[in-house]
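Below you'll find the structure, written out as structure tokens, and then a few comments.
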């Protein structure tokens with residue numbers, strides 16, 4: 001596979017799109033524009049390589065189904081923002097960091113080792129007949145990135161909050 005050189009103007013255009021999407025979703029991007037554009041370039045390179053924007057600070061497998069948790073915005077963004085004020089790669093940051101009141105500090109890796117990733121699915125074992133869930137007309141879907149919930153036959157094609165695709169939803173109820 002031959003990678004096409006990513007033009008600086010394409011990085012800037014993508015940077016502005018991501019900045020707009022982040023702001024609309026209530027998120028802040030790292031205020032260090034040069035650093036952030038380097039991350040955006042990494043996202044674009046991974047999209048060229050794999051067909052999806054895997055986190056540029058993590059090693060992607062090249063298989064979408066194995067990397068769903070690290071497709072930007074990754075599943076770990078919100079917990080990292082809550083606990084450390086920045087996501088693992090520091091693309092997304094808290095208001096304190098965005099406004100210069102706090103510096104970005106290293107964020108420990110939350111992603112489990114490869115051998116443990118398949119065992120993460122938590123199975124709910126309750127009886128629908130004895131639960132109020134049985135009265136629901138539709139299944140409830142949860143976005144694994146932002147927690148958005150919706151009740152419908154299938155998950156939405158794109159999360160209206162964080163803009164990830166339907167593959168990032170799990171059946172909640």
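Quick look at the values:
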read-out: Test for residue 54: is it within 18 Å of residue 163 (Cβ to Cβ), buried (at least 22 other Cβ atoms within 10 Å of the Cβ) and at pLDDT 95 or above; value: yes
read-out: Residue within the range 82-100 that is under 14 Å from the mean Cα position of the chain (by Cα), modelled with pLDDT under 95 and either assigned to a helix (DSSP H, G or I) or more than 17 Å from residue 18 (Cα to Cα) (or both) present; value: no
read-out: Yes/no for residue 18 being surrounded by 16 or more Cβ atoms within 10 Å (Cβ to Cβ) and either at pLDDT 95 or above or farther than 25 Å from residue 161 by Cβ (or both); value: yes
read-out: Positions within the range 141-164 being touching a helix residue (DSSP H, G or I) at 6+ places or on another chain (Cβ under 8 Å) and either in a loop (DSSP other than H, G, I, E, B) or loosely packed, with under 15 Cβ neighbours inside 10 Å (or both), in sequence order; value: 144, 145, 146, 147, 154, 155, 156, 157, 158, 159, 163
read-out: Among residues of the range 1-37, those that are part of a helix (DSSP H, G or I) and within 15 Å of residue 88 (Cα to Cα), counted; value: 2
read-out: Criterion: at positive phi and either over 14 Å from the mean Cα position of the chain (by Cα) or in a loop (DSSP other than H, G, I, E, B) (or both) - qualifying residue of 62, 42; value: 62
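The values are calculated or read from the model by the stated rules, or taken from the named source; none is laboratory data. Just so it is clear, the model here is predicted, and its values are computed rather than measured. Cβ sites come from the backbone with ideal geometry, for glycine too, and all protein chains shown count toward neighbours.
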